[in-house]
Amino acid sequence: MTVPPETRRLLPLADGHLGRSAMTCTYRCGNACAHPAPNTSDNSYFGDLVDAHLSRRGLLRLGAAGAIVAGFTAAGGLPAAATPSRPAGAAAPPGRGPRPGGGALTFSPIPPNTLDAVIVPNGYDHAVVIRWGEPVVAGAPAFDVHRQSPAAQARQFGYNNDFLGVVPIGSDGRRALLFANHEYTNEELMFPGWTGHETATAAQRRIAMLAHGLSVLELERVGRTGEWRPVPVDRARRYNRRITVETAFRLTGPAAGSPLLRTKADPTGTVAYGTLNNCSGGVTPWGTMLSGEENFNQYFVGGDGVAEADKPALRRYGIETGARYPSGSRRWDSVDPRFDLTANPNEANRFGWIVEVDPYDRKSTPRKHTALGRFKHEGANIRLTADDRAVAYMGDDERFDYLYKFVSDKRMRHGSSAAARAHNLTLLDSGTLYVARFGFTSAAEIDGSGKLPSDGAFDGSGEWIPLVRGDKSLVPGMSVDEVLVHTRLAADKVGATKMDRPEDVQPHPITGRVYAALTNNTDRGKAGKEGATEVAPRNGNRHGHILELTETRDDAAAETFRWDLPLVCGDPNDASTYFAGYDKAKVSPISCPDNVAFDPAGNLWIATDGNALGSNDGLFAMPLEGAERGHVKQFLTVPRGAETCGPFLTPDGRSVFVAVQHPGEVDGASVEKPASTWPDGEYARPSVVVTWRVAPGETRIGA
Ligand code: FEO
Ligand code: CA
Ligand code: CA
């Protein structure tokens, strides 16, 4: 639906529901917020800096912005190189596209609201593409919430769709592949008569396991519009695929085969089964999908039974070591002993990676890339260097954790030959892994304490600290496999900068600048916790901010960078917010940025998770260049209790895909007493939505 005229005024904010519900906390991240943030290192305490830096940096920005953006005026055209045409690649290689050609965003922003619906601007339409439980693989039964089974779920679309990637099939723009992450499960909202994890049946536990993972499915365009729908599964046998907790993954890179990755079932340490808590991801320039294994810790029990020497590393990743069952545990150990760390202490080391899937090859073995480090990976997005090495930008989504990048040793081969594709699948096997430190112009300024020089001379600079080069560790006292498996511990040692939950980190496809969503961190500045820093400028940060990082000499492989904060989120009337200097009377309120994406004109699109201003979560767009920089406009809201995920804008500018994750995730809700009945009016079902423009004479989204 579009916004009915009577709601096209600012709706009253909801009472009570501020940010995430307790149900969210239990399921999404294993109550991470209820536990102390696991980074207790004292490696980047910069002291309490005041908000005043914002206005100083804002002034700098106002002076600098105009230079880059003079051409940001014409209507957004579809770059030919980005036309869906090549079976091997989704889009023009990031950083190699045409110059920005967009203009001001043309849609009228929708108001904040708490409606139980997807709301898009007038002039746009939307449709559900696929719901939890609908068939993906041939032979899947029709969904019946009262008759769900493990065998059915293994062939159906999983729960809680998060990252979405869309890549073309062929060159006529009529067929595409949709790749989706299924991050986690809300058992209360999945099983009628749910009685709790302690008493769950084995079948319920198996269904929930199989509702995690990934889906690949073939789509076809509806007419000449921006709408897409699934190809019926009996005609979609070539590509459609479910990847679940039972799918074999090959471990690649320097830590593959490490004793830290060996288990009784896999004494080689090279084959891991399944992928879990896949949050965000990215489409590579070589046409594969990357997906981040995020809050994997919550699936493991028996941490109390591991050797004492192994417990600190488990705790650094949020795994409970004081009791057999963490609160809210799904108790999967009862149906698969892999999840009992007492019996299989290394199994948790086989999760927490970036995984890569070739969506064009249904029979390919997906990979877990140890060279990219192990942490609570939100996702990974690639930019190519001038000589075609792959640079992956990555966030570790936890309060006070870090921002990383990886630079491959090998160069991407262009073209779609089998040899090129096979080569490109090895790009992420070897390279240099870095973690970011902000605010120092050089290591020489650090006095060894990891603290800022006494003059507090933040200057918008930063450096990438190498942790591993090839198969060599650069972290004293840690072997290469220890650095890659226990990457958080390695980053603690080298003085990485503590961030406010780094989520999506994505290079701009045209300018190459890197945008990171820092969702929030209400612990910032609490007693015993690091206080505000220039890159995390607010204590008790409820609303988050966006980081803009510019590599030195525009070289993605550079080891230094400069940075700024173009957006500090919240109610525009709150003096601590900043919209790149744009008139705050004209912007949409925005809170808790999570996933980011770009449209073909180069505008930044931001999806939110946990809006703490009382509205439902949503999708926003913000020009990054010219006079419109900072003009945040809200494009879409999702139903009650949902988080906005995925966002993927097709390179032809006609379609915006959004994953509506956990609709109805409100404390006390159930299948029988739903807090949301989206999309079908009975109970909530996570679903993928596509939005397109229907205004006469215009087909493109945004500019
Ligand atoms: Fe799954 Fe970091 O959000
Ligand atoms: Ca997320
Ligand atoms: Ca993204």
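Of all the accessible heavy-atom surface of the range 219-277, with the other protein chains kept in place and a 1.4 Å probe, what percent is carbon and sulfur?
52
Ordered by residue, what ³J(HN,Hα) values in Hz, to whole numbers, does the range 412-425 give under the Karplus form 6.51 cos²θ - 1.76 cosθ + 1.60, where θ = phi - 60° and Gly and Pro are x?
Per residue, the Karplus-derived 3J(HN,Hα) values read 5, 9, 7, x, 10, 5, 4, 5, 5, 5, 5, 4, 5, 5 Hz.
State whether the range 333-432 is rounded, prolate or oblate according to the following rule on the C-alpha gyration tensor (a ≥ b ≥ c being the square roots of its eigenvalues): a/c under 1.5 gives rounded; otherwise a/b larger than b/c gives prolate, and the remaining case gives oblate.
oblate
Bins of 5 Å, beginning at zero and ending with the bin holding the largest distance: percent of Cα pairs per bin for the range 230-342, please.
With a bin width of 5 Å, the distribution comes to 2, 9, 14, 20, 21, 14, 8, 6, 4, 1, 0.
Tell me, in nm to one decimal, what length is gained between Asp680 and Asn122 on full extension, where the rule is 0.36 nm per residue of separation less the Cα-Cα distance?
198.7 nm
Quick one: grab Rg to one decimal and Dmax as a whole number for the range 194-254, Cα atoms only, in Å.
Rg and Dmax of the range 194-254, Cα atoms, are 17.4, 51 Å.
Pairs Lys405/Lys498; Lys264/Lys368; Lys376/Lys493; Lys264/Lys376; Lys633/Lys673: which are spaced more than 23 Å apart, C-alpha to C-alpha?
Violating the 23 Å limit, Cα to Cα: Lys264/Lys376; Lys633/Lys673.
Using a Förster distance of 25 angstrom, determine the FRET efficiency expected from the C-beta separation of Ala527 and Ser327, and round it to 0.05.
0.60
At a 10 angstrom cut-off on C-beta neighbours, averaged per residue, how do the peptides 394-402, 477-485 rank from highest to lowest?
Order by mean packing, descending: 394-402, 477-485.
Considering only protein heavy atoms and a 1.4 Å probe, what is the carbon-and-sulfur percentage of the accessible area of the range 514-670?
On the way: 1650 of 3490 Å².
Ligands and nucleic acids excluded, carbon and sulfur reach 47 percent.
Order the peptides 203-211, 598-606 from the highest to the lowest mean number of other Cβ atoms within 10 Å of their residues. Working shown, then result.
On the way: 203-211: 22.8, 598-606: 25.8.
My ranking of the peptides, most packed first, is 598-606, 203-211.
Could you tell me the accessible area of Thr185 in Å² (1.4 Å probe, neighbours in place), rounded to the nearest ten?
Only protein atoms counted, so the area is about 0 Å².
The range 114-170: which trypsin sites (Lys or Arg not before Pro) are DSSP loop and have at most 11 other beta-carbon atoms within 10 angstrom? Please list the in-between numbers first.
Details: sites: Arg131, Arg147, Arg155; in loops: Arg147, Arg155.
Here the sparse-neighbourhood loop sites are Arg147.
Would you mind getting me the FRET efficiency between Arg562 and Asp387? Use the beta-carbon distance for r and R0 = 30 Å, nearest 0.05.
The computed FRET efficiency comes out at 0.85.
Using the heavy atoms of the protein chains and a 1.4 angstrom probe, tell me the accessible area per residue for the range 163-256 in square angstrom.
On a per-residue basis, 33 Å².
Would you mind calculating the gained length between Glu246 and Glu198 on full extension (0.36 nm times residue separation, minus the Cα-Cα distance), in nm to one decimal?
15.0 nm is the gain from fully extending Glu246 to Glu198.
Between the range 198-212 and the range 498-532, what is the separation of their alpha carbon centroids in Å?
Cα centroid to Cα centroid, the span is 34 Å.
What order, most packed first, do the peptides 159-171, 559-571 have when packing is the mean number of other Cβ atoms within 10 Å of each residue?
The peptides rank, most packed first, as 159-171, 559-571.
Please give, to one decimal in nm, the separation of the simple spin-label points placed at Arg229 and Asp667, each 7 Å out from Cα toward the Cβ.
Calculated label separation equals 4.2 nm.
Taking 7 Å along the Cα-to-C-beta vector as the label spot, tell me the Asp555-Ala307 distance in nanometres, rounded to one decimal.
Between Asp555 and Ala307, the simple spin-label model gives 4.3 nm.
If r is the Cβ-Cβ distance from Ala343 to Ser364 and R0 is 22 Å, what FRET efficiency results, to the nearest 0.05?
Values: r = 31 Å, r/R0 = 1.41.
The pair Ala343/Ser364 has a calculated efficiency of 0.10.
The values are calculated or read from the model by the stated rules, or taken from the named source; none is laboratory data. Just so it is clear, the model here is predicted, and its values are computed rather than measured. Backbone-built Cβ (ideal geometry, glycine too); neighbour counts: all protein chains shown. Side chains are part of the model used for accessible areas, which takes the heavy atoms of the whole protein and leaves out ligands, DNA and RNA. Shrake-Rupley method; radii C 1.70, N 1.55, O 1.52, S 1.80 Å.
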